[in-house]
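What follows draws every value from the coordinates through simple rules; no lab data is involved. Nothing here was measured: the structure is a model prediction, and the numbers come from that model.
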Amino acid sequence: MYQVSEKSRQRFDAMCALEEVKKALAFIQEDERRTLDEQKELVLIEAPTGQEEERAKVFADKFRALGLTDVHIDRGGNVIGVRPGTGNGPRVLIEGHLDTVFPFGTVHGVEERDGFLYAPGIGDDTRALAMLLCVIRAVNHVNLKNVGDIVFVGTSREEGMGGLGGMKDFLNDNTDIDISLSLDNNDMSDIVYQATGGETYEVNFHGIGGHAFGAFGKMAQPVHAAARAVAKIAAFTVPEDPKTSFCVSNFHAGNDAGVHAIASDATIKFNFRSDSQEELARLRDKIFQAIEESCKEETEKWGCDTITWDKTIISEIPGGNQDPHAPLVEAAYLGLDYLDVGPRFRASGCTNANVAIAKKIPAICMGRAYAPDENSKNILNHSIHEKFPMAGSYKAVQQAFMMLVTACGIEGKLSPLVDKQ
Ligand SMILES: [Zn+2]
């Protein structure tokens, strides 16, 4: 049973009792239709990973219209807008990602039916962008005297080969961020506070290559060296807890015409992940040791040439751990409880929050939708059939607002969650 500290509870209750917080939560509920309409508007501006420019421009204009300062698109394609604090507070990032997993030409409109919005990308993560705009309206509506600066960001290149690229650029360029809030879970019940780390590599094995019969015994075999490596990796065992995984996902060598040839090169690609940075490092060492040994074995078997190998990193997702009783995590639990949404901790995740957690910035990833039953949970994100449940969706915005206020504090009424470092 998860128990929050008395300090967290008192702080949370004090926040909920504040007039501007109550007023803002009511506003967010009333603003639901406008937020859904804006979500529908934004999803029509397609934004495949790395091609977010159009959506970014529109989003930046919306930031400007809502009165944020220093609105700009940075070198990484992130849309940034600031609401300055009253001073000496933490700098709080709240973000959702601009990109979707769909190529241009996938979205042909938004359908509203049976309580759902239907369109590829409607939830992941277009909803988060609409949520950010609603949060800004709420903050404006109550004229919030936030102590810490709030940095609203639409991040680029989160998905797939983007590899959380926008967030990586942003946090590399903005080392003054003290707290990071991401909006990218399907279901607002989920509180993600840990980050699964993962790496994907391509490894190439090289030899001389020659005739399958004529050159036999005169050279080592790159394909066989690669196969030895895969066999060694296949035999690995990894812990179930912390969850750790490995997968050789590609094996390429030779060509269709060369069925009677010793191919000079072989390529494997593999991915491995872990909820523990230590396990990840251990697995990485084991994999590259297996590859080194395989080349050595194949080379020694024939004793006439040397199989060499090289590696290229394809993607790297940073990971890290965070205390389940960190003040931000406890606040997220209390927020959901307050909204009558059953909180559920997810110890691992692969979202922009990973980048912050790996940098030891207090961070969580929150959800986009209220999904109390199986029907509303079945949203099929990353599919062209993606849908978004509308009923009660304002609650996800209310949670985002409360986490933002708890993080940045209110002048004279609520101290920020962390002291400015
Ligand atoms: Zn996403």
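What to note about this one:
- Computed 3J(HN,Hα) for segment 294-306, one whole-Hz value per residue from the Karplus formula 6.51 cos²θ - 1.76 cosθ + 1.60 where θ = phi - 60°, is 4, 5, 5, 4, 5, 5, 5, 4, 9, x, 10, 8, 10, glycine and proline marked x.
- Between segment 245-319 and segment 81-144, the C-alpha centres lie 41 angstrom from each other.
- Distant-in-sequence amide H partners of Asn185 (H built 1.01 Å from N, under 5 Å): Met366, Gly367, Arg368
- The phi-based Karplus calculation (6.51 cos²θ - 1.76 cosθ + 1.60; θ = phi - 60°) puts the 3J(HN,Hα) values of segment 284-291 at 4, 4, 4, 5, 6, 5, 4, 5 Hz, whole numbers, x for Gly and Pro.
- Hydrodynamic radius by Kirkwood, which averages 1/r over all alpha carbon pairs of the chain, in angstrom: 23.2
- Rounded to whole Hz, the Karplus (6.51, -1.76, 1.60) HN-Hα couplings of segment 328-335, x for glycine and proline: 5, 5, 5, 4, 5, 4, 5, x
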